[in-house]
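Notes follow the structure.
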Amino acid sequence: MSIYITLKETIQQEVTAALERAREKGSLAFKEMPSFILEKPREAQHGDLATNAAMVLAKEARKAPRVIADILLEELRNLHEMSAEGTWIEQTEIAGPGFVNFRLKKDWLFEVAPEILQEGDCYGSVDVGHGEKVLVEFVSANPTGLPHMGNARGAALGDSLATLLHMAGYEVDREFYINDAGNQIEKLADSLEARYFQAVGRDVEFPEDGYQGQDLIDKVTEMVADVGDTYVTWEAAARRSALTERVLELNIADMRETLKGFGVEFDRWFSEKSLHESGKIQETLDVLAEKGCLYEKEGALWLKSTAWGDEKDEVVVRANGIPTYFAADIAYHADKFARGYTQLVDVWGADHHGHVARMKGAMQALGYDAEQLKIILMQLVFLLENDDIQKMSKRLGQYVTLQELLNEVGSDVARLFFVMRAPDSMVEFDLELAKKELNINPVWYVQYACARTASILRNAKERFEDVPAGDAQWELLVGSKETALIQKLAELPLEVSVAARLMEPHHLAYYALDLASLYHTFDEEHRVLVQEEGLRRARLGLVQATRQVLVNVLRVLGVSAPERM
């Protein structure tokens, strides 16, 4: 366990013990220990850690928070006087309505850099998950066209989340659900058939709601070059099937290749069509029927989804006997649980918000714990170019593809721009900002810190040949900019733990920016390659530790840590 987490947990235990002693003595009266917070204050002048314990206890103890804080501090002093091991707390104070602020001794800071250098690529890893099996399903775009910017955000978010959960001790798999059945595939078949006839010189009208993207025209043109007008004489069903299967195969291959260029690869690509062919949809419906969760109405089969909080019951089999997309989705999630995953994570677009309650209800109807299904809703992406928002429509073929975005700004910029926003925030992707090599570009700013650390380490090796291991004189690092940087480095394991519990990788993007800022400030104020060997080696060790942490964090975010820029 990291020194910072150990330190924080120890102080939390000390506060709990002090409150228990106050209750035993009768100076405080309460039934249950309050759930209090111990965290780093926003302002440095308020200390290293602060707790609201006195404030959350005030109502039950029937005392003013500042009075409770006085009692708490008295009992803490008594505990520390009796302890043979001492304490990390150097000074305490009561602030505001009853916060208790702690200032820590500096000794613990000298253990941080050696810990980082020893753990290397593993630094920041925690065991929140205890090996629990998690399946993260994301992107899952209709294979009717090329992946676009909205898919790119889901890809960046889902992949970073999967890496974060792995770093937090979960056993994680990534999965892409291919929507290769249903209405959108029928619409694709209509579109392809029309484009095929047009390509071989037949005058046919294009479907009003068809897919108008240029990529489909290009693929049909390639097919015509290969097979000519062979499909014209085929029966309609066979012709549509041949066209659709070939384009789906090409589109999925394009998706794989483009996503790979974005640093995203999946452990499994799961076909919706396979659920129909294997009978799993019917098996799932049979289970729901046995549990009394289905009923017939107007010739269709309905799920009693209102029983689990949905606004209305939902059709699972249409009157024509064809299962709905919802039925396939229920079977798919049941299959995930059947494969041994104890926690499912879906990354969906915000337009699916109405699907959340009914899907959780369906899982509950099947006997699964709905809390084991976590659905992350992701807001829209807008491309901002020359201060204008570009409107996009996949069906009309007016959208920016992921490949086009990568050609413009590269994978690193796209990944961080998407991940640094919380999923429930809309993203305005500023194309001009993304291309700038200035501090206002967050990607450039963080990567420049990486390159700067690598440059200093190279120069040190050339001039002094003494890039340190963990045996430097760390106690020489007492400047305010040095200690602030060390404290931020120490926080990474806790940041990983919190971000993993919340399933919010954007916290690590904020952390990377904060760390880069502290490093740049340190670099501006302190010369590293000084002649005095002890100080030089200590500062070099700090630079080396900073680079290691930046590398580890950016790896989670899917961003490279360059050695040169």
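Quick look at the numbers
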| read-out | value |
| --- | --- |
| Positions within segment 283-308 being touching a Leu at 6+ places or on another chain (Cβ under 9 Å), of a type in the set (Val, Ile, Thr) and open to solvent by 30 Å² or more (accessible area, probe 1.4 Å), in sequence order | Val287 |
| Residues (closer than 17 Å to Lys481 by Cβ, open to solvent by 30 Å² or more (accessible area, probe 1.4 Å) and either part of a loop (DSSP other than H, G, I, E, B) or free of Cβ contacts under 8 Å to residues at least 40 places away in the same chain (or both)) located in segment 524-543 | Glu524, Arg527 |
| Residue within segment 554-564 that is open to solvent by 30 Å² or more (accessible area, probe 1.4 Å), among the polar types (S, T, N, Q), out of contact with any Lys or Arg (no Cβ under 9 Å at 6 or more places or on another chain) and under 17 Å from Leu485 (Cβ atoms) present | no |
| Some residue of segment 93-112 being within 27 Å of the chain's Cα centre (by Cα), on the phi < 0 side of the Ramachandran plot and surrounded by 23 or more Cβ atoms within 10 Å (Cβ to Cβ) | yes |
| Single residue of Ile68, Ile94, Ile11 found to be touching a helix residue (DSSP H, G or I) at 6+ places or on another chain (Cβ under 6 Å), part of a helix (DSSP H, G or I) and modelled with pLDDT of 95 or more | Ile68 |
| Subset of segment 309-361 [crowded, with 16+ Cβ neighbours inside 10 Å, touching a strand residue (DSSP E or B) at 6+ places or on another chain (Cβ under 7 Å) and of a type in the set (Gly, Ala, Ser)] | Ala327, Gly349 |
| Residues satisfying the stated conditions in segment 423-441, i.e. in a loop (DSSP other than H, G, I, E, B) and surrounded by fewer than 17 Cβ atoms within 10 Å (Cβ to Cβ) | Asp424, Ser425, Met426, Lys436, Glu437, Leu438, Asn439, Ile440 |
| Exclusive hit being free of Cβ contacts under 8 Å to residues at least 40 places away in the same chain and out of contact with any Pro (no Cβ under 8 Å at 6 or more places or on another chain), set His333, His353 | His353 |
| Close pairs (9 angstrom Cβ cut-off, 6 or more residues apart or separate chains): over 11 Å from Ala490 (Cβ atoms) and part of a helix (DSSP H, G or I) in segment 101-113, of a type in the set (A, V, I, L, M, F, W, C) and open to solvent by 50 Å² or more (accessible area, probe 1.4 Å) anywhere | Lys106/Val478; Asp107/Trp88 |
| Among residues of segment 541-565, those that are touching a Gly at 6+ places or on another chain (Cβ under 8 Å) and of a type outside the set (A, V, I, L, M, F, W, C), counted | 4 |
| Selection count, segment 197-215, where residues are at pLDDT 90 or above, outside any loop (DSSP other than H, G, I, E, B) and farther than 14 Å from Arg240 by Cα | 2 |
| Residue selected from segment 118-137 under the condition among the small types (Gly, Ala, Ser) and within 17 Å of Tyr511 (Cα to Cα), by the criterion least open to solvent (accessible area, probe 1.4 Å) | Gly124 |
| Gly154 being in contact (Cβ under 8 Å) with a residue 12 or more places away in the chain, open to solvent by 30 Å² or more (accessible area, probe 1.4 Å) and not hydrophobic (A, V, I, L, M, F, W, C) | no |
| Conditions (1) assigned to a loop (DSSP other than H, G, I, E, B); (2) open to solvent by 20 Å² or more (accessible area, probe 1.4 Å); (3) modelled with pLDDT of 90 or more; (4) farther than 24 Å from Leu518 by Cα; number of the one not met by Pro41 | (4) |
| Search result, residues across segment 340-360 that are more than 22 Å from the chain's Cα centre (by Cα) and at pLDDT 95 or above | Gly340 |
| Only one of Ala189, Ala238, Ala194 that is part of a helix (DSSP H, G or I), without any contact (Cβ under 8 Å) to a residue 24 or more places away in the chain and buried (at least 16 other Cβ atoms within 10 Å of the Cβ) | Ala194 |
| Filter result for Ala469 (under 18 Å from Thr453 (Cβ atoms), open to solvent by 10 Å² or more (accessible area, probe 1.4 Å) and either modelled with pLDDT under 95 or among the small types (Gly, Ala, Ser) (or both)) | yes |
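The values are calculated or read from the model by the stated rules, or taken from the named source; none is laboratory data. Everything numeric here is computed off the predicted structure, so don't read it as measured data. So basically every Cβ, Gly included, is an ideal-geometry build from the backbone, and we count neighbours across all protein chains shown. These accessible areas exclude ligands, DNA and RNA; they are computed on the full protein's heavy atoms, side chains included. Shrake-Rupley method; radii C 1.70, N 1.55, O 1.52, S 1.80 Å.
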